[in-house]
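Undergrad: Take this structure, written in structure tokens, and hold onto it; I'll ask about it next.
Values quoted throughout were computed directly from the atomic coordinates according to the rules given, and no laboratory measurement underlies them. From a predicted model like this one, the values you see are computed outputs, not experimental measurements. Reconstructed Cβ throughout: ideal geometry from the backbone, glycine too, with neighbour counts over all protein chains shown.
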Amino acid sequence: MEERRITHDDEVEVQSHVASGGLSSYELERLENIRQNQVFLSSIKLFEATEELRQLNRPKPSQRRLVRTKSAVKETLLPRKSLRLQHKEPETLTLPSELGALLVTPRKPPGPLPLEPVNMEEGSKLPSQLLELWSEGSTEERKTWLDLNEYSSALKSMRATEGRVETERIFSAAFHPCASSLLMATGDKLGKVGLWKLGGDWGDGGALLFEPHTGPVSCMAFSRAQPTQLLSLSYDGSLRCMEVEKAVFHDVYGSTVGLRTFDFMSHDCFTLVVGNCLGDVAIVDRRTPGNTHESLHLLDPKTLRCVSVHPSQKHYFAVAGSKVVNIYDSRYLKKTRCRAISRLHGHSSSITSAYFSPCTGNRVLTTCLDDHIRIYDTAARTTTSPLVTSIRHNMQTLLAKPSAVWDPKREDCFVVGGVFHSHMALAFHESGELQHSFIDREDLHEVLSAIAIHPTRNAFLGCAASGRLHVFSD
């Protein structure tokens, strides 16, 4: 039981009882013990601490009956007004600079980079045979308009040769136009550019690897006007040009946004259209000092998969968006709200690629994740281009999304990667008729992540996601 604290009144009462002899000796001893205990507790300030705890634990008054005044509500809640009803443009939000920097990975420093293979000893010179092939160019006339039966027979005569490059997943590939040997270029996931000669003995199995980028090399192409120049573009926001004779990677274009695709907009291949990961396209002139663009245009803020320039009328270019392919005229581009001169409808899912036919540009070939390959008639460039052919083809793969690529030697045939067992790729006529199946070893189950076709020879390159290269040639 808690002892009662002795107050001043208690002490007066005790003294009166003692004077009158009313307290026993036991009671007097008990009171003395209580007094001594109180002296001790007071010395350690226990009573003050107890009072503070009582004040803290005291329940707070209920606020159920507190009512907010109407004036306070009117001050805090402002009426909302629709920008549409006020005939005003919607406000645009911009990312802070520190967030925008996260759109690309750190890339190599601007300016030229030395052409040094990373899979050879430091200080090694480039093979002399590479220099000879690099400057050879094309010595044969373009093989076009073979009879369709003859073309099919030529495809069937091609044989497979496997090569292996110790690299990551390959995102892009291209054939050098030289005809005496097969010289190929590849771009991988980590920013490496490889040069591989079929049957070569330099580097690793005839492959030389360079590191001009730090992100996936999503697009590359040899200049058709100057085949000694290989242009490569990366998600790290850089576009570079390889020149073997000068042993350098030139800095063509740099962006704070990741780059996805490009194509040549002039016959001399000095003007480019470059698409980035935010849906913008930049017009770049390689002759202009520095690595900036001439102009930048917003086309689709959501997605931009591929750009393709008309082979003869270079001011027209096609853009593969989310579910529609748009054709633009570069002479009438604006900074925003660019209007397409023609649209290719009919896709029900994401479009992975769209390419003009290589000779006349009267067709556009598209691949879509709705498991269809489509060919459109773009000769008249009407507001809505009519669909010519639709071919069902399985696009549901995990590592790579197959893209159909025109054979540059023909106007009406293309090749697409296959996903069924040993069928590496399939060649089709624009009518949808299968011309040939490129079949490798029966125990091979790889999906091609990149495809390239030689511009003059009967040669086809398929790159697997594992880094393995498959060449079919006559």
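Undergrad: If you average the sequence gap of Cα pairs under 8 Å that are 6 or more apart and divide by the length of region 239-333, what percent do you get for the contact order?
TA: After rounding, I find 19 percent.
Undergrad: Suppose the chain between R287 and E150 were pulled fully straight at 0.36 nm per residue; how much longer would it get relative to their current alpha carbon spacing?
TA: Additional length available on full extension: 45.0 nm.
Undergrad: Taking amide H positions as placed in the peptide plane 1.01 Å from N, state which residues far from T261 in sequence (5 or more) or on other chains have amide H under 5 Å from it.
TA: Close amide H contacts, sequence-distant or interchain: G275.
Undergrad: Once both labels are modelled 7 Å past Cα along the beta-carbon direction, what's the S266-D370 spacing in nm?
TA: Each label point lies 7 Å from its Cα, and together they span 3.9 nm.
Undergrad: Report the label-to-label distance for A179 and R339 in nanometres (one decimal), using points 7 Å from each Cα along the Cα→Cβ vector.
TA: For A179 paired with R339, the spin-label model returns 4.7 nm.
Undergrad: Another question, if that's okay. Over region 169-310, what relative contact order in percent results from Cα pairs under 8 Å that are six or more residues apart?
TA: Here the relative contact order equals 14 percent.
Undergrad: Enumerate the calculated ³J(HN,Hα) couplings along region 268-280 in order (Karplus 6.51 cos²θ - 1.76 cosθ + 1.60, θ = phi - 60°), each rounded to whole Hz, writing x wherever the residue is Gly or Pro.
TA: 8, 6, 8, 9, 10, 10, 10, x, 9, 7, 9, x, 8
Undergrad: Then there's this: So if I take the centroid of the Cα atoms in region 106-132 and the same for region 260-305, what is the distance between those two points in Å?
TA: 26 Å
Undergrad: Additional query: Taking region 142-254, how much of its Cα-Cα pair set, in percent, is spaced more than 22 angstrom apart?
TA: 39 percent
Undergrad: Under the Kirkwood approximation for Rh and a Cα-based Rg, what ratio Rg/Rh is obtained for region 247-311?
TA: 0.96
Undergrad: While we're on this one: What is the local net charge at R381, summed over the other residues whose Cβ is closer than 11 Å to its Cβ (Lys, Arg +1; Asp, Glu -1)?
TA: With Lys, Arg at +1 and Asp, Glu at -1, the neighbours total -1.
Undergrad: For a label point 7 angstrom out from the Cα of T303 toward its Cβ, which stretches of region 232-268 have the backbone nitrogen within less than 19 Å?
TA: Of the residues in region 232-268, 235, 258-262 have backbone N under 19 Å from the label point off T303.
Undergrad: What do you get for trypsin sites (Lys or Arg not before Pro) in region 158-259 restricted to DSSP loop and a cutoff of at most 16 other Cβ within 10 Å of the site's Cβ?
TA: R224, K246
Undergrad: While we're looking at this one, here's another question. Quick one: which residues, 5 or more positions from H176 or on another chain, have an amide H under 5 Å from its amide H? H modelled 1.01 Å from N in the peptide plane, none for Pro or chain starts.
TA: L183, M184, A185
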